[in-house]
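FYI, it's all coordinate maths here, none of it is from the lab. Given the structure is predicted, the values throughout are model-derived calculations rather than measurements. For neighbour counting, all protein chains shown are included, and Cβ atoms are generated from backbone atoms with ideal geometry for every residue, glycine included.
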Amino acid sequence: MPKSTFFSLKNHFLLAMPGLQDPSFRHAVVYICEHTATGGAMGFTVNHPSRVPMSRIFDEFDLEYSEDVGKQLLLAGGPVHQERGFVIHRPAETHWESTLRISDDVCITASRDIIVDIAHSRGPSASYISLGYAGWAPGQLEQEIADNSWLVIEADSTILFDTPFEERARATAAKLGVDLDRLSFQAGHA
């Protein structure tokens, strides 16, 4: 039996297909920041803003902040550990405690020091805070892709940081030449 080849989807987008039944991922664009054969996958839904403003995080940490920064919405990053915050951001010259560089254009940080810098307008040039994340056990994401639940697209930091939340799904689909209005609920397998 031939050995299957593993392909990491790190630094890729997943675009939810119309037939995906999980309400957490309806019309979702998920940015994959980690994917290994033995550890599974982790990512963040990047087009579902929550109704919670950043000010709530700043208030919990007893930080002063500008009104503009405080009214920005947190992202609903996924159904796992929704009480945990992660900052998805462009690289910066400042080094925070727990920054993981995903690509040349994207970093993830999960430490308090970056929150303080964002509150004081000293943070990265582009960032947002995600509450929770999406996670898959080893082989689970590959099976969902085989079941036609997701389209896989190479990530684009312009979509991630410069495209409004409500336009990210359409912009991601357009990278493949796909019109979201023409996607079918039916899976096709050759």
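Results, tabulated for the structure shown:
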{"item": "Where GluC sites (Glu not before Pro) in DSSP loops with at most 11 other Cβ within 10 Å are excluded, longest remaining stretch of the chain", "result": "98-190"}
{"item": "Among 39, 19, 85, residue whose mean-square fluctuation peaks in a GNM of the chain (springs only between Cα atoms under 10 Å)", "result": "39"}
{"item": "For region 78-125: relative contact order, % (alpha-carbon pairs under 8 angstrom, 6 or more apart)", "result": "36 percent"}
{"item": "Relative contact order of the chain, defined on C-alpha pairs under 8 angstrom at six or more residues apart (%)", "result": "27 percent"}
{"item": "Two-decimal Rg to Rh for the chain - Kirkwood Rh, Cα set", "result": "0.99"}
{"item": "Net charge contributed by nearby residues that have their C-beta within less than 13 Å of residue 122 (K/R +1, D/E -1)", "result": "-4"}
{"item": "Charge dipole (debye, nearest 20) of region 12-181; +1 at Cβ of Lys and Arg, -1 at Cβ of Asp and Glu", "result": "160 debye"}
{"item": "Contour excess over end-to-end distance, with Cα ends at residue 166 and residue 147 and 0.36 nm allotted per residue", "result": "4.2 nm"}
